[in-house]
Every structure is written in C-alpha cells, then in structure tokens.
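Chemist: There's a structure below that I have some questions on.
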Amino acid sequence: MSRGQPPATRPHGDLTKDQIKAAAQLLFARHGIDGVTVRQIVQAAGQRNKAALQYHFGSKEELIRQLVVEGAKALDERRNHLLDGIEQSGKPITVREVLRILVLPVLELANEDKWKGYVQFSSNLQMSHREIFRSALNSRWNSGYVRCFNHLKKLLNRIPRALLEQRLSIFIIYGNAITSVREFELSMHKQPNRFWSKSFTIENILDTLEATITCKPSEATLAELGKPGR
C-alpha cells in the first residue's frame, strides 16, 4: 500500500451479508432452523431493513445452503491438506491418524470467531433436514471426508463389511454429537470448562471414537450377522 492510501474497505453489501450469516449461524445452532424466523435473523444481525435477508440471499433456505458450503469448504481444504501430507510421507497410515484428520479440523473450526455455532448448526441440520445438507454439498465439498473413509475401510477390512458400514455411520453420529456439545459448552463459559478443557480431553475423545470402529465384534453380534436376511 502506498503512503497516504486509505486501507481497502469491503462493500457495504458484503458486510451486511456477513452480519446476517453470523447471526443466522448462531441462531440456527441454538434453536435449529425450524425454530428461527427470517425476522429474528434480521434483528439479530442489527439490520433495520426487514427485507435484508431476502435482498442478499433470496430466501432462508439459500442462506442455509451458503452457510453449509462455506464451512464445508473450510473443513475440506484442511482435511485434504493433512491427507496429502500423510499420503506423501510414504509411511504406513494408521486409523488414529485418519480419525485425527476427520475430527481435529472440526474442533479447530469451533474455536474460530467466524465459525462460532457452525458445528452445532451443521450437526442439527444433518439430523433434522439431511436433504438440505446433502443438496448444499452436492457431492463437491466433502472430498477430504470421503478420502478419510476410504482409508478407514481399507484399514479395517478385517471387520465384516455390513458391520463396518454401520460402525462408520455410528461414528458419524457420535462424532457430530460430541463436537456439537463441546462447542456449545465452551461457548457458554468464559472460564475454562472443567469437563471439556482438560489437557487430555481431545485425545480421550479420539480414543473413544477409535474404539467405536476398531473393537472386535462380539459373538452375539456375529451370531446376529449370520442369520438369514441379515
């Protein structure tokens, strides 16, 4: 920047859009998308014009889609970068490394001001309106996620396929729940949270998630798996 040149400023419209996105993300995180009205979003964003959301996004659903995509892009970029690193190292890839790549970017995102509420918002959306979540991604912004699961399927191929597929789905449910609750609890307390702020918490979370998909199937489970129609 040359001397005396004023700093670059963003167009007012972009700032308004960012304010609406930030307000909506937090409201959706706390109340779910069905529990939040357009009027509440506009008010929380500090906008006097009641039509601000429609003007900038067209509809509440389009706002939701943009929020999903922006967060997914950020996660996908981080996961692919980390995956490239371990794949190019030439060293054997472990289940723990893959789980770390799946989980840590989510936990890091939750610590950044721009993404406050995103983890809860996206988790709630996947539970309540999965079709909106999937159509927003459009199979484009989850390549790192897919790469991670392809590694897990290869690493855990000793587990019967039907069990492994279900375990990976259970892992997704557990992971969404844990990261969502963690984000909520940390956002509610200014002081370090006695449960979530312990030094071993993240590794312990990874321990429990790893156990979910790697534990040896019980005889009872295998017996059910072997029944006709299973």
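The values are calculated or read from the model by the stated rules, or taken from the named source; none is laboratory data. On a predicted model such as this, the values are computed, not experimentally measured, just so you know. Neighbour counts are summed over all protein chains in view; Cβ atoms, including those assigned to glycine, are modelled from backbone coordinates with ideal geometry. The area values use the complete protein model at the heavy-atom level, side chains included, leaving out ligands, DNA and RNA. Shrake-Rupley method; radii C 1.70, N 1.55, O 1.52, S 1.80 Å.
Chemist: Solvent-accessible area per residue for the chain at a 1.4 Å probe radius, Å²?
Modeler: 61
Chemist: If you place +1 on the Cβ of every Lys and Arg, -1 on the Cβ of every Asp and Glu, and leave all else neutral, what size is the dipole of the chain about its Cα centre, to the nearest 20 Debye?
Modeler: Its charge dipole is roughly 160 debye.
Chemist: Convex hull volume of the Cα atoms in the chain, per residue, in Å³?
Modeler: Spelled out: Cα convex hull of the chain, divided by residues, is 195 Å³.
Chemist: Now for a separate question. At q = 0.12, 0.14, 0.17 Å⁻¹, what base-10 log of I(q)/I(0) does the Debye formula yield for the range 14-141 when every alpha carbon is treated as an equal point scatterer in vacuo?
Modeler: -0.50, -0.65, -0.88
Chemist: Same structure again: Report, to the nearest whole %, how much of the accessible area of the chain belongs to carbon and sulfur atoms, 1.4 Å probe, protein only.
Modeler: That share works out to 53 percent.
Chemist: Here's another thing I want to ask about it. Just check the range 97-157 against the gyration tensor rule for me: Cα atoms, a ≥ b ≥ c as the square roots of the eigenvalues, rounded for a/c under 1.5, and otherwise prolate or oblate depending on whether a/b exceeds b/c.
Modeler: Judged from the Cα gyration tensor, the range 97-157 comes out oblate (a/c at least 1.5, b/c at or above a/b).
Chemist: Here is a follow-up. Any idea what angle helix 201-214 forms with the longest principal axis of the chain, computed on alpha-carbon atoms, 0 to 90 degrees, nearest 10?
Modeler: 50
Chemist: When only C-alpha pairs under 8 Å and at least 6 residues apart count, what is the relative contact order of the chain, in percent?
Modeler: Working: 178 pairs, mean separation 48.9, N = 230.
It comes to 21 percent, rounded to a whole number.
Chemist: May I pose another question? Report the calculated FRET efficiency for Asn111 and Gln40 (r = Cβ-Cβ distance, R0 = 25 Å), to the nearest 0.05.
Modeler: Using R0 = 25 Å, I get an efficiency of 0.45.
Chemist: Contour minus end-to-end for Arg161 and Asn138, with contour as 0.36 nm per residue of separation and end-to-end as the Cα-Cα distance?
Modeler: Values: separation 23, 0.36 × 23 = 8.28 nm, distance 2.61 nm.
Length gained, Arg161 through Asn138: 5.7 nm.
Chemist: Here is a further query. Describe numerically, in nm with one decimal, the distance between label points set 7 Å from Cα along Cα→Cβ at Glu203 and at Asp84.
Modeler: Taking the two extended label points, one gets 3.0 nm.
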